[in-house]
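Read the structure below first, then the notes.
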Amino acid sequence: MITSTRCTLTPTSRDRIGMDPIFALHGEANRRAEAGEDILDCTMGVLMDEEGKLAVLPSVLAALAAVPVPAVSGYGPIAGDPRFREAAIEDLLGGSALARDALALATPGGTGAIYQATVNFLEPGQSLLTTNYRWGPYRDIAAHAGRGMEVFNMFRADGAFDVEAMDEAVQRQSAGQGRVLIILNFPSHNPTGYSLNEAEWEQVADVLVAASERVPVTVLVDCAYIKFGGSAITAWDAALERLLDATTVLFAWTASKAFTQYGLRVGALIACHRDAEERVQLTNAFNYTSRATWSNCNRLGIRAISDLILDPSLRSRSDEERQQLIDLLESRTSVFNKAARDVGLDWPRCEGGFFVSVFTPDPEVTAARMRDAGVFVIPINGAVRVGLCATPTRALPRLVDALAMGVGAATAQAG
């Protein structure tokens, strides 16, 4: 037998971090719980009920079970079935003027939509732009595609969205790379839970419309948590109409959160452009990228989600079931906000959604001290991310006490 110690991986693929930090901490929490410890796991972005079990919409399970398997066993269109593309647009933009200028393409979850945007609106070596508090895989997606990521400060000292910092970053990118792809993860931002209000959306539009007079500008709205965004859902209407006159507007839409099917991997990239010929070019580019990466998406999931959106009775049923989960999340957020205020924690405006982030001078110290107490959160730059979605209401006092202890320990060590 011939053996070799030579590694044939390319240099850029060697020494990769094989486990996402969130899943790694979640795994540690599970191991400690299985060993008998009393563990509170607030790491994952999945919605759990008050008994700590995965919350799943019964209507979705019924829709999946009703799909005739032979009808979805073959390959589907690269872009996804026409009915699904219609359903995705209807779910996100139904009743709005944007829907008239929209096209949709099936993707494996919102992640696939972000990848599509990254490779089709940036050249290799160029960088996407987003907030300094952001979903971690943005950087990994960009790097894996041979692109980079730049960030701007998200919050002003008064806690409002830092539009001035965004403007400076957009101007810098316009001059440096001749185009801008900006990702805005609103409403119900991951990891902070923040949602832009109408005035902030208008300020964002002012900046990007001005930039579009100099360079091509693409706006990608990562709206994974839109169903849980409350009144913030309609705050963008006027701003996006203005943006569509000057930019390409994209949406990363996913069924994962809205339909409690994280493993189904059903999503869509929805693209809006005023020019019909440009929409043909966009469709061709997206189809090419799909064929060159994942090829086809989950046809069973596509069929079931289409039914849930387009069948009036199924849609009504799923909306009613989802509203119960929205009410649950809003209740948890209200309880958290009051308890956190009582112990003097510092966190951004949070009115709903899956997450909240608590500021701390040393996130690693804070998270480590909390783990010592059996409470797991995710350290990020300048804060720790807390999955209120995964935290039963009865456990919120324990969570807040652990946060206060962890932030206190980090503050003492920093001082």
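The set of residues in segment 363-390 being out of contact with any Leu (no Cβ under 6 Å at 6 or more places or on another chain) and among the β-branched types (Val, Ile, Thr) consists of VAL365, THR366, VAL377, ILE378, ILE380, VAL384, VAL386.
Considering only segment 231-254, state which residues are under 16 Å from the mean Cα position of the chain (by Cα) and either at pLDDT 95 or above or surrounded by fewer than 21 Cβ atoms within 10 Å (Cβ to Cβ) (or both). Talk me through it step by step, then tell me what you get.
Residues of segment 231-254 under 16 Å from the mean Cα position of the chain (by Cα): 232-233, 250-254.
The answer is ILE233, LEU250, PHE251, ALA252, TRP253, THR254.
Does SER195 satisfy the criteria of being under 23 Å from the mean Cα position of the chain (by Cα), surrounded by 18 or more Cβ atoms within 10 Å (Cβ to Cβ) and on the phi > 0 side of the Ramachandran plot? Considered against the rule, which asks whether it is under 23 Å from the mean Cα position of the chain (by Cα), surrounded by 18 or more Cβ atoms within 10 Å (Cβ to Cβ) and on the phi > 0 side of the Ramachandran plot, SER195 comes out as no. Among the residues examined, SER318 qualifies as among the polar types (S, T, N, Q), in a helix (DSSP H, G or I), surrounded by 15 or more Cβ atoms within 10 Å (Cβ to Cβ) and touching a residue at least 60 places away in the same chain (Cβ under 8 Å).
Against the criterion of being farther than 24 Å from ALA88 by Cα and in a helix (DSSP H, G or I), VAL204 qualifies. Any residue that is modelled with pLDDT of 95 or more, buried (at least 23 other Cβ atoms within 10 Å of the Cβ), part of a loop (DSSP other than H, G, I, E, B) and on the phi < 0 side of the Ramachandran plot - is there at least one of those in segment 135-145? No, segment 135-145 contains no residue that is modelled with pLDDT of 95 or more, buried (at least 23 other Cβ atoms within 10 Å of the Cβ), part of a loop (DSSP other than H, G, I, E, B) and on the phi < 0 side of the Ramachandran plot.
The values are calculated or read from the model by the stated rules, or taken from the named source; none is laboratory data. These numbers come from a predicted model, not from an experiment. Methodologically, a virtual Cβ is constructed for each residue, glycine included, from the backbone with ideal geometry; neighbour enumeration extends over all protein chains shown.
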